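A.B. asks: This structure is in structure tokens; I'll ask about it shortly.
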Amino acid sequence: MLSVPEIYQRLFERYGQQHWWPAESAYEMLVGAVLTQNTHWRNVEKALGNLGNQLKPQVISAMPHDQLANLLRPSGYYNQKAERLRLLSQWFISYDCDVNAIRRIDGALLRHTLLSLKGVGRETADCMLVYAFDKPFFIIDTYTRRLFSRIGYDVPESYEHFRLLIEQQLPPSVELYNEYHALIVALGKEHCAAKPCCSGCPLERDCHKTHLNTLNG
DNA sequence: CTCCAGGACAAGC
DNA sequence: GCTTGTCATGGA
């Protein structure tokens, strides 16, 4: 069975550097992380496009709910997400929108703080920590669970247990965790975009099974 | 028509 | 602690 570092190596050889997160600033990354919850990225892009030059914490935190929700419509769950972006923006403003000030906070403490925000769960918090705040927490999402499960790992159902299991087998590097998660998503996107496909799979023996099950759930 | 996409939360056990 | 119903659009 492939080790955790070996899986990374094969993904990297196949897909190369991913240059994540697709955002122009830390704040935009935070917004994208909330909007993409259980939502296809292309729908998130539509919502981000609707926001346009209003994609700023001061503007979003002050915008009337219905107006913001309407702009977010394409990304789904627009009522929830409008409220959550408002709270997130208020939190960001409470640090004077100073990303470096937030980065100086201890990682574990910052994670706890993010998790206290309504609408920020474990996966979203870890994405924010890695892609906006340079803190090494391994991100667990549905693709990660499927991938490791099909390779043969006994994947813990608990998010934290799974995260710690992976982190024990990797150095605590933000750059590594950044790239690893982006590569797993790249793999998932390829499978979802090309059905059926089964050539050039980076995971050899589990190729067919991985593709099939990734498509069918 | 059905299924699901880079989840989170409240309620119930 | 873990499980279930809910939130919602858009593309395949």
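Read-outs throughout are calculated quantities, based only on the coordinates presented, and are distinct from any laboratory measurement. Because the structure is predicted, anything quoted here is derived from the model rather than measured. Backbone-built Cβ (ideal geometry, glycine too); neighbour counts: all protein chains shown.
A.B. asks: Mind sorting A:Y143, A:Y95 by how few other Cβ atoms lie within 10 Å of their own Cβ, fewest first? Present the calculation step by step, with values, prior to reporting the outcome.
C.D. replies: Details: A:Y143 20, A:Y95 13.
Least crowded to most crowded, the residues run A:Y95, A:Y143.
A.B. asks: Continuing with this model, one more query. What is the distance, in nm, between label points placed 7 Å from the Cα along the Cα-to-Cβ direction at A:V59 and at A:Q9?
C.D. replies: 4.7
A.B. asks: List the residue ranges in chain A for DSSP H helices whose C-alpha atoms run 27 angstrom or more along the long axis and whose Kyte-Doolittle average is -1.0 or above. Please report the intermediate quantities before stating the final value.
C.D. replies: Details: long enough: A:174-193 (28 Å, 0.24).
Taking the DSSP H segments of chain A (at least 27 Å long, mean hydropathy at least -1.0), we get A:174-193.
A.B. asks: Among A:P22, A:M1, A:S75, whose Cα sits farthest toward the positive end of the charge dipole of chain A (+1 at Cβ of Lys/Arg, -1 at Cβ of Asp/Glu, about the Cα centre)?
C.D. replies: A:S75
A.B. asks: Could you work out [θ]222 nm for chain A from helices alone, using -39500 (n - 2.57) per DSSP H run of at least four and dividing by all its residues? Round to the nearest 500 deg cm²/dmol. Please list the in-between numbers first.
C.D. replies: On the way: 13 runs with 136 residues, N = 217.
One gets -18500 deg cm²/dmol as the mean residue ellipticity at 222 nm.
A.B. asks: P(r) for region A:1-122: what percent of alpha-carbon pairs falls in each 5 Å bin, starting at zero?
C.D. replies: 2, 10, 18, 20, 16, 14, 10, 6, 3, 1, 0
A.B. asks: Once R0 is set to 45 Å, what does the formula 1/(1 + (r/R0)^6) return for the Cβ-Cβ distance between A:A101 and A:E157, expressed as a FRET efficiency to the nearest 0.05?
C.D. replies: Working: r = 36 Å, r/R0 = 0.81.
After rounding to 0.05, the efficiency reads 0.80.
A.B. asks: Could you tell me the convex hull volume per residue, in Å³, taken over the Cα atoms of chain A? Write out the running numbers ahead of the final one.
C.D. replies: Working: hull volume 26.2 nm³, N = 217.
Residue-normalised Cα hull volume stands at 121 Å³.
A.B. asks: Would you work out which of A:N100, A:H191, A:H161 lies farthest towards the positive end of the dipole of chain A? Charges go on Cβ: Lys and Arg +1, Asp and Glu -1.
C.D. replies: Going by the charge dipole, the pick is A:H191.
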